[in-house]
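Here's the structure we're looking at; comments come further down.
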Amino acid sequence: MNTTSRSDCELLSDFVAGNNSALEVLYKRYERKVYTYILLMVRKPQLAEDILQETFIKAIKSVKEGKYSETNRFGSWLMRIAHNLVIDQFRQNKQYRVVSNNDFPMDIFSTPRFAEATVEQRLVYERVLYEVRALIDFLPDDQREVVMLRFYGDLSFKEIAEITNVSINTALGRMRYALINLRKMVKEKNLSLEFEMAW
């Protein structure tokens, strides 16, 4: 049977049943995405590789112990594990600034205007974010984190809210402020980029 065409849940069931090749398929399916997110956050290739390995080790252990719920998307669950490990790393180095929900108390973003983007909008933003990647490093930690998870981790705002332990409105607010800040930097540096808020 061609394991590459099987769903995540099917591959996980195969793995639990003793098929290790199913795990290899899952690893190859998510390795690049998870590693890219980790690397963009920690900026050290060797550290990113270590955290990637630890992410999958934790995931495998949880699956074997029956702690993984099939109601969760496997990819977003992996990203949550990676995210928590990155945060642990920052805390160990005392580099991570914890941002509370109270930083964005207003509930003004709960409108369709700030909901999921269309495919066309996301394609535009993937191109723009690639071009302004260097500017993202200048964003506050909480804003940079949301941008990374949304555009490089390919997660929904619901998933980002769960991973970062904030409300969806807070996640949306951080994205909004991130885009405002990026727009200001683009203007200050006189970069010729189309930067419409269409995410």
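The values are calculated or read from the model by the stated rules, or taken from the named source; none is laboratory data. Note that this is a predicted model, so its numbers are computed, not measured. So basically every Cβ, Gly included, is an ideal-geometry build from the backbone, and we count neighbours across all protein chains shown. Remember, those area values only see protein heavy atoms, side chains included, never the ligands or the DNA or RNA. Shrake-Rupley method; radii C 1.70, N 1.55, O 1.52, S 1.80 Å.
List of remarks:
- Nearest-20 debye value, the stretch 5-67 charge dipole, Cβ charges on Lys, Arg, Asp, Glu: 200 debye
- I57 contributes an accessible area of around 110 Å² to the protein surface, as traced by a 1.4 Å probe with all chains present.
- Remark: the stretch 154-169, residue by residue, has Karplus-estimated 3J(HN,Hα) of 6, 9, 7, 5, 5, 5, 4, 4, 5, 5, 8, 6, 10, 6, 4, 4 Hz, where x stands for each Gly or Pro and the curve is 6.51 cos²θ - 1.76 cosθ + 1.60 at θ = phi - 60°.
- Computed FRET value (nearest 0.05) for Y27 with Q92, which takes r as the C-beta separation and R₀ as 30 Å: 0.70
- Percent accessible area from carbon and sulfur atoms, the stretch 1-90, protein chains only, probe 1.4 Å: 50 percent
- Full extension of the chain between K67 and D50 yields a length gain of 3.8 nm, computed as 0.36 nm times the residue separation minus the alpha carbon distance.
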